[in-house]
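The values are calculated or read from the model by the stated rules, or taken from the named source; none is laboratory data. On a predicted model such as this, the values are computed, not experimentally measured, just so you know. Using ideal geometry, Cβ is built from the backbone for each residue, glycine included, and neighbour counts are taken over all protein chains shown.
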Amino acid sequence: MLGVMITVGGCGKGPVATQPARLTIAVAMPTGGPDRATAEEVVRGVRLAAGDAFAVLEADDAQSGVEDDLARLPEVMGVVAHVGHAAAQRGAPEWARTRLPTVVAAPGEYAVIPRVVPPAVDLALCSAALLPAGSYVVRTDGEPGSLRAAQALEAAVPKGFLGDAAVAPGGVGAEAGALHALAGAGDSPPRVVWFGDPGFGGNLLHALRQVAAPAGAKRAGSDFVAISGYGNAFLKAAGAAAEGALVTGLGGKAFDPAFSDGYQRLYSTAPGASAAMGYDAAQMLIAAWQSAHAASSEVTRSAVLAALSRVSALGAEGTISFDAGGVLRPVPCSAWRVVNGAFVAPDPPVQRPRKPAPKGEWLGLRHPAAADPVVGPATSVTPPGK
C-alpha cells in the first residue's frame, strides 16, 4: 500500500479524499530524518504553484515501490521527487522506468530525468565567481559529480589551489586533523572548500572546529566554503561550528512577486531556496500539462513528458526552462553566510552564461514504451490559466 496524504494544493487543509477527482501532482519526499524540514518547504512551494487547480499528494520516497504505486493512479499527472542525494540517486532510474513525468529537487546528476538543482559543475562555476581570494584546498564526498566539480573549480581558479582529496565517511576526524596540520596556527589558513552531501560537509566542519579550538588556531568563520551546502542538513550537522561559514548555492532573494508575495500570504513567512525548488518543479510540470492539453483533450503522460523538454514557465526568479540535458536554465547563483544558526543575505545573484547542453538522452526516453493512460478525467478539467 502507498502511504499518502492528499491535500488541496493551495490550502493545505489536511486529508480530503483517498482518490482525488482532480489532476494531482505527487510529491515523493522524506517523511522523517534530517531532510524532512527541507522537504516540507519544497511541498509548500508545490502547493503554491498548484493553487486550486491541482491536488497535491505526499508520498514517502523511502517506501519500496513508491514509483509503481504512484504510476497506478491515473490522476497523477507528474511527480516532484526527493530532496536528498542518496534517495534521488536510487530513485531516478525507477521514475524513468515508469515514464511518470518527474522533476527531481535534489543535488546530483541524473541523466534520465530533469532536475531543478543543476549539476555540481555548475555549482563549481558559481563558486569560482564568489570564492574569496586566497589559498584553498578542496575536499569532496567522493561522488563522481563532486570530483568533476572539484576539477572544474581548479581549472577556473588555479591561483591558490593547494590540492583536493575525497573524504571517507568514517574518516572525518582524521581528515579534520590533517587539515588543521596543513593550516597550522597562522593568521591566514587556506580555506576549505567542500563539494558533496551537505550533511557530510557539516560533519567535517564540526570536526575541524573541534580540532582547531583546543589548539587556539586563528580560524575565521569564512575559512570554510560549502558548495551546494544550502539546507538544514548542513546546519544540523555542523551545529554551532557553522557560524560564519560561507555557503554557495543556486538562486537568490530576488524572487518574482507572484512567488514571494503569494508564499507570504499563504504561509505568513518568507520563502527560502527549497520552496523555490518545489515551486519551479511544479510550474514546469503544470506548463507541460497545459501544452499537452492544448494539443489534445486527452492528455497522456507521454505527452506531458515530451512537453517538459520544450516548455517554459514563470518560476520563482523569472522565466525558466529545461535544456537538452534536463537542467533548469538559467542558473543564477548566490552566497549565504551562516549567522546565528541561519543562512542570511546572499550576495547579488550572478548570472552564468548558458553552457552547451550535455549529450545524452533524458526524460526517460531511452526506456521502451510503457502503458500510457490518459491522465485523469480530461473532459472535467479546466487547464490552469485558461
Any hit, the range 276-292, residues being free of Cβ contacts under 8 Å to residues at least 24 places away in the same chain and not basic (Lys, Arg): yes
Among the residues listed as ALA17, ALA37, ALA21, the single one being loosely packed, with under 14 Cβ neighbours inside 10 Å, modelled with pLDDT under 95 and in contact with a helix residue (DSSP H, G or I) (Cβ under 8 Å, 6 or more places away or on another chain): ALA21
Selected residue (criterion: farthest from SER268 (Cα to Cα)) from residues of the range 51-66 that are surrounded by 22 or more Cβ atoms within 10 Å (Cβ to Cβ) and in contact (Cβ under 8 Å) with a residue 40 or more places away in the chain: VAL66
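May I ask you to list the residues in the range 261-287 that are assigned to a loop (DSSP other than H, G, I, E, B) and of a type in the set (A, V, I, L, M, F, W, C)? Talk me through it step by step, then tell me what you get.
If we filter the range 261-287 for residues that are assigned to a loop (DSSP other than H, G, I, E, B), which is where we start, we get 268-272.
Scanning the range 261-287 gives a single hit, ALA270.
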Test result for LEU48, among the hydrophobic types (A, V, I, L, M, F, W, C), crowded, with 24+ Cβ neighbours inside 10 Å and within 21 Å of TRP194 (Cβ to Cβ): no
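Quick one: which residue in MET277, MET284 is closer than 30 Å to ALA241 by Cα and either in the same structural domain as CYS126 (by TED's automatic domain parsing) or of a type in the set (A, V, I, L, M) (or both)?
Values: MET284 fails: closer than 30 Å to ALA241 by Cα.
Only one candidate qualifies: MET277.
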Test for ALA111: is it assigned by TED's automatic domain parsing to the domain that holds MET284, closer than 16 Å to VAL27 by Cα and among the hydrophobic types (A, V, I, L, M, F, W, C): no
Every residue from the range 74-101 that is more than 18 Å from the chain's Cα centre (by Cα) and more than 17 Å from LEU285 (Cα to Cα): GLU94, ARG97
Conditions (1) at pLDDT 90 or above; (2) in a helix (DSSP H, G or I): number failed by ARG310: (2)
Selection from the range 118-141 of residues that are outside any helix (DSSP H, G or I) and touching a strand residue (DSSP E or B) at 6+ places or on another chain (Cβ under 9 Å): PRO118, PRO119, LEU131, PRO132, GLY134, SER135, TYR136, VAL137, VAL138, ARG139, THR140, ASP141
Yes/no for ALA168 being farther than 23 Å from GLY244 by Cα, among the hydrophobic types (A, V, I, L, M, F, W, C) and crowded, with 17+ Cβ neighbours inside 10 Å: no
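Yes/no matrix, rows are residues, columns are (1) surrounded by fewer than 17 Cβ atoms within 10 Å (Cβ to Cβ); (2) among the hydrophobic types (A, V, I, L, M, F, W, C):
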{"site": "GLY145", "(1), (2)": "no, no"}
{"site": "LEU153", "(1), (2)": "no, yes"}
{"site": "PRO158", "(1), (2)": "yes, no"}
{"site": "LEU182", "(1), (2)": "yes, yes"}
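Looking only at the range 74-108, which residues are of a type in the set (Lys, Arg) and closer than 16 Å to MET29 by Cα? Don't jump to the end; show me each part of the working.
The initial filter retains those residues of the range 74-108 that are of a type in the set (Lys, Arg), namely 90, 97, 99.
Passing the criteria: only ARG90.
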Residue tally, condition touching a helix residue (DSSP H, G or I) at 6+ places or on another chain (Cβ under 9 Å), among the charged types (D, E, K, R) and part of a loop (DSSP other than H, G, I, E, B), over the range 52-93: 1
Given (1) under 26 Å from PRO330 (Cβ atoms); (2) at pLDDT 90 or above, index of the condition SER127 fails: (2)
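Taking the conditions exactly as written (assigned to a loop (DSSP other than H, G, I, E, B) and under 22 Å from TYR267 (Cβ atoms)), does ALA111 satisfy them or not?
no
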Looking only at the range 130-140, and only at residues there that are surrounded by 21 or more Cβ atoms within 10 Å (Cβ to Cβ) and free of Cβ contacts under 8 Å to residues at least 60 places away in the same chain, the one that is farthest from LEU328 (Cα to Cα): VAL138
Test result for ALA303, within 18 Å of ALA105 (Cβ to Cβ), surrounded by fewer than 23 Cβ atoms within 10 Å (Cβ to Cβ) and modelled with pLDDT of 90 or more: no
Filtered residues of the range 77-103 (kept if aliphatic (A, V, I, L, M), in contact (Cβ under 8 Å) with a residue 40 or more places away in the chain and touching a Pro at 6+ places or on another chain (Cβ under 9 Å)): MET77, VAL79, VAL83, ALA87, VAL103
